[in-house]
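Read-outs: derived from the displayed coordinates by stated rules, not from any lab. This is a predicted model, so every value here is computed, not measured. Cβ placement follows ideal geometry from the backbone for every residue including glycine, while neighbour counts extend to all protein chains displayed.
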Amino acid sequence: MSNPTRRTFLANSALAALFGMVNPALAQSANRSTPWRNWSGGVVANPAGRFSPATEQQLMDYLASSSGSVRPVGSGHSFTPLVPTDGHLLVLDQLTGMLSHDSNAQTATFAAGTRLGDMGAPLEGIGQAMINLPDIDRQTLAGATSTATHGTGIAFQCLSGYVTQLRLIAPNGEVHDIDQRSSPEFFDAARVGLGSLGVVSRITVQNTGQFRLKQTSWVDKTTDLLKDFDRQAATHRHYELFPLTHSDYSIALATDETDEPINNPPVSNEEEDGLDLAMAAWMKVPPKLRGPLVNALAEQIEPSERVDSSYKILSNVRNTRFNEMEYSVPLERGAECVQEVLRTIIDEEIDVVFPLEYRYVSRDETMLSMSSGDEDHAAISIHRIASEDYRPYFNIIEPIFWKYGGRPHWGKIHSLGAAQLSELYPRFEEFRSIRQRLDPNGRMLNEHLRKIFGIEA
């Protein structure tokens, strides 16, 4: 039996055995009337109806000729209730694909409903590649940018930072083509708009030339990796940690550009079977006694490497369904925060086996991204398998993020409202003013957004 690698630990079917198998009932057609469920199954809605426009013109006509509340929906990958409405869902599944590109500027325009996982190949065909990508490829482009979804790397902003232009269909059907030059008053709001300003129908993204990445992983003591994190983050194009709960160890993941030949073989059955057995043993041990076993397993994880096109390395298919909380904290407080989270998991004997995720994200100029403003941030994520109640775990950990000045990821579970958020985001009131200007009747709002923006029903 071969020793497990980081890749098998985080990505293969052994995780599905550990965290629960995918519920086929959650993979519902976008055209089913009710109920609607998000990707994890944790958010449910019963909308009055659904409309799935085949063209931008149909979308414009629908908004101009209809009334009542509407909410746009892509892949439903947000864990927060951004989508639910008792009005109509605007399903963007038919608004997909590359619409145009500019080889000189290295930009490409995609329809808003295009999945991130469907962008790599067409961009490769025109000699382009996205500058960065998040870990999961299921989100739509509009959903990812509208919630400030990000990847990993101190030199890289969230995806919204690479949007150069977008088309926003206002709640009254009016079309706004927004960029920094023509619409500076709207641009920094619309790039991370939470679907509250109207419906984004197309997005132009700043790309780069094609490139290949080599990803290297290894295991070491968490304390040592955190002490060395700043140096590694400055050395590698991408660098992140996956601290193992109830353990002294983390998996480190470094990714850099390379000219080496592609080497990204599928996971062998032997690796899967070996890790399945190890994980089964892990789960049977009570949390307060789990440390020695997890440490022993971590010490068996071998260093690994893989090489492939950038989009095949950066973003992955994740079939295991989970719920997630993520906060960003000021960079200089990141290590202290993640260590307190890990200590609390042990002290409270929280029965969680899903690793944490720790990474850096560069500052940006959007009004509502987690990294907006004058300083870079460290992003810390916690997870709970979708079949389990995440609330006891998340309720214990969330105040720790607040203690360190954390800002919540808009697409991931949090409990904050307008009073707290207005203190965390310097341009929060500016965004609220723009939202009111574009949607004076609150057509794009739902209960969750009213809480976020402090608007009474």
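Net charge dipole, the stretch 72-215: roughly 320 debye, given to the nearest 20, about the Cα centre with Cβ charges of +1 for Lys and Arg and -1 for Asp and Glu. Extension gain for the segment residue 389 to residue 267, taken as residue separation times 0.36 nm less the Cα-Cα distance, is 40.9 nm to one decimal. State the answer as a single residue: which of 70, 196, 80 lies farthest towards the positive end of the charge dipole of the stretch 41-196, with beta carbon charges of +1 for Lys and Arg and -1 for Asp and Glu, about the Cα centre. My answer, from the dipole projection, is 80. Once you treat every alpha carbon in the stretch 33-115 as an equal point and sum by Debye, what is log10 I(q)/I(0) at q = 0.14, 0.24 Å⁻¹? Summing over Cα pairs of the stretch 33-115 leads to -0.54, -1.14. Here 96, 235 are placed in order of increasing Cβ neighbour count within 10 Å, fewest first, which gives 235, 96.
Roughly how many debye, to the nearest 20, is the charge dipole of the chain about its Cα centre, given +1 on each Lys and Arg Cβ, -1 on each Asp and Glu Cβ, and no other charges?
1060
Here the spin labels are modelled as points 7 Å beyond Cα on the Cα-Cβ line, and at residue 223 and residue 102 they lie 5.3 nm apart. Each residue of the stretch 70-78 was assigned a 3J(HN,Hα) from its phi angle through the Karplus curve 6.51 cos²θ - 1.76 cosθ + 1.60 (θ = phi - 60°); the sequence is 9, 9, x, 9, x, 7, x, 7, 6 Hz, with glycine and proline shown as x.
Compared with the dominant principal axis of the Cα atoms in the chain, helix 428-438 is inclined by about 40°. In this structure, the amide hydrogen of residue 251, modeled 1.01 Å from its nitrogen in the peptide plane, lies closer than 5 angstrom to those of 242, 244, counting only residues at least 5 positions away or on a different chain.
Computed over the chain, relative contact order equals 20 percent, with contacts defined as Cα pairs under 8 Å that lie 6+ residues apart.
Counted by neighbouring Cβ atoms within 10 Å, the residues 40, 304 run from fewest to most as 304, 40.
Report, in debye and to the nearest 20, how large the dipole of the stretch 179-272 comes out about its Cα centre when Lys and Arg carry +1 and Asp and Glu carry -1 on their Cβ.
Charge dipole, the stretch 179-272, about its Cα centre: 480 debye, nearest 20.
Positive end of the dipole of the chain (Cβ unit charges, origin at the Cα centre): among 159, 246, 140, the Cα lying farthest that way belongs to 140. Here the calculated FRET efficiency for residue 396 and residue 232, from their Cβ-Cβ distance with R0 = 25 Å, stands at 0.25, rounded to the nearest 0.05. For the stretch 212-246, backbone nitrogen atoms closer than 18 Å to the point 7 Å from residue 260 Cα along Cα-to-C-beta are found at 212-219, 235-240. With both labels modelled 7 Å from their Cα along Cα-to-Cβ, the residue 423 to residue 302 distance reads 5.2 nm. Sites listed here are chymotrypsin sites (Phe, Trp or Tyr not before Pro) in the stretch 218-257 whose DSSP assignment is loop and whose Cβ has at most 13 other Cβ atoms within 10 Å, and the list is empty.
Close amide H contacts of residue 52 (hydrogens built in the peptide plane, cut-off under 5 Å, sequence separation of 5 or more or a different chain): 91.
Placing pseudo-labels 7 Å out from each Cα toward the beta carbon at residue 336 and residue 46 gives an inter-label distance of 4.8 nm.
At a Förster distance of 25 Å, what's the computed FRET efficiency of residue 348 paired with residue 284, Cβ-Cβ distance as r, to 0.05? For R0 = 25 Å, the calculated efficiency reads 0.80. To the nearest ten degrees, helix 269-284 and the longest principal axis of the Cα atoms of the chain are 90 degrees apart. Annotation: peptides 395-402, 364-371, 140-147, 335-342, ranked by per-residue average of other Cβ atoms within 10 Å with the highest first, follow the order 140-147, 364-371, 335-342, 395-402. The order of 389, 228, 308, going from fewest to most other C-beta atoms within 10 Å of their C-beta, is 389, 228, 308. Against the chain, whose longest principal axis comes from its Cα atoms, helix 56-65 is set at around 60 degrees.
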